[in-house]
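Step one of this worksheet: look at the structure below.
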Amino acid sequence: MTAQISIHPKGGGRAEICLSLPAKDAARTAEIIRHLLKFDGQDAYWINEEGERLYSVEEVFPDSSPAMLLRGLRGKEDLTQKEFAERIGISQHHVSEMETGKRAITLEMAKRIGETFGVPYKMFL
């Protein structure tokens with residue numbers, strides 16, 4: 001399928017660009033466009049279906065660390081370190097070390113954590 005582009009004037013000196021392309025390419029293409037807009041000096045951000053701005057984890061928690069995110073998600077899910085450790089197949093001691101920053105979170109571990117919580121694994125790298 002070929003991509004289709006249309007431009008719709010919105011008033012107030014603004015316009016909406018609509019892009020129709022295969023769904024499998026949508027996220028990657030949107031991210032490329034967002035980076036191009038930032039390169040051009042424009043503030044680009046995601047919006048939801050209701051037109052509300054979405055914020056990234058980095059914007060909400062600029063001083064966050066993978067350890068803090070892990071601890072927060074585990075707490076949000078009301079899991080003890082031991083329960084979480086059992087879910088991902090490691091020791092409670094290793095969870096403790098990851099949450100305090102004493103143990104690095106590897107790529108493989110980040111993928112297991114992301115899958116467990118249903119979030120992007122890159123948050124933990």
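What the table shows:
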quantity	calculated
Förster radius 22 Å - calculated FRET efficiency between TYR55 and HIS35 (Cβ-Cβ, nearest 0.05)	0.80
Alpha-carbon centroid distance for the pair the range 39-92 / the range 1-24, whole angstrom	30 Å
Chymotrypsin sites (Phe, Trp or Tyr not before Pro) lying in DSSP loop within the range 1-78, provided at most 11 other Cβ fall within 10 Å	TYR55
Cα point-scatterer Debye curve for the chain, base-10 log of I(q)/I(0) at q = 0.09, 0.14, 0.18 Å⁻¹	-0.41, -0.78, -1.01
10 Å beta-carbon shell around GLU77, net charge (K/R +1, D/E -1)	+1
Extension gain, ALA3 back to ASP43 (0.36 nm per residue minus Cα-Cα distance, nm)	11.9 nm
Longest DSSP-loop-exposure-free segment, GluC sites (Glu not before Pro), the chain, at most 10 other Cβ within 10 Å	53-125
Theoretical FRET efficiency, 1/(1+(r/R0)^6), r = Cβ-Cβ of ILE17 and GLU97, R0 35 Å, to 0.05	0.15
In degrees, nearest ten, helix 107-117 long axis to first principal axis of the chain (Cα)	80 degrees
Carbon and sulfur %, accessible surface of the chain computed with the full protein complex present, 1.4 Å	54 percent
Solvent-accessible area per residue for the chain (1.4 angstrom probe, square angstrom)	75 Å²
Low-density loop cleavage sites - trypsin sites (Lys or Arg not before Pro) in the range 49-125, where at most 11 other Cβ are within 10 Å (DSSP)	LYS102
With Cα atoms, 0 to 90° folded angle of helix 23-39 axis to the chain main axis	80 degrees
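The values are calculated or read from the model by the stated rules, or taken from the named source; none is laboratory data. What you see is a predicted model, and the numbers here were worked out from it, not measured in a lab. Cβ coordinates were reconstructed from backbone atoms using ideal geometry, including for glycine residues, and neighbour counts include every protein chain displayed. To get the accessible areas, we keep the full protein, side chains included, count just its heavy atoms, and leave off ligands, DNA and RNA. Shrake-Rupley method; radii C 1.70, N 1.55, O 1.52, S 1.80 Å.
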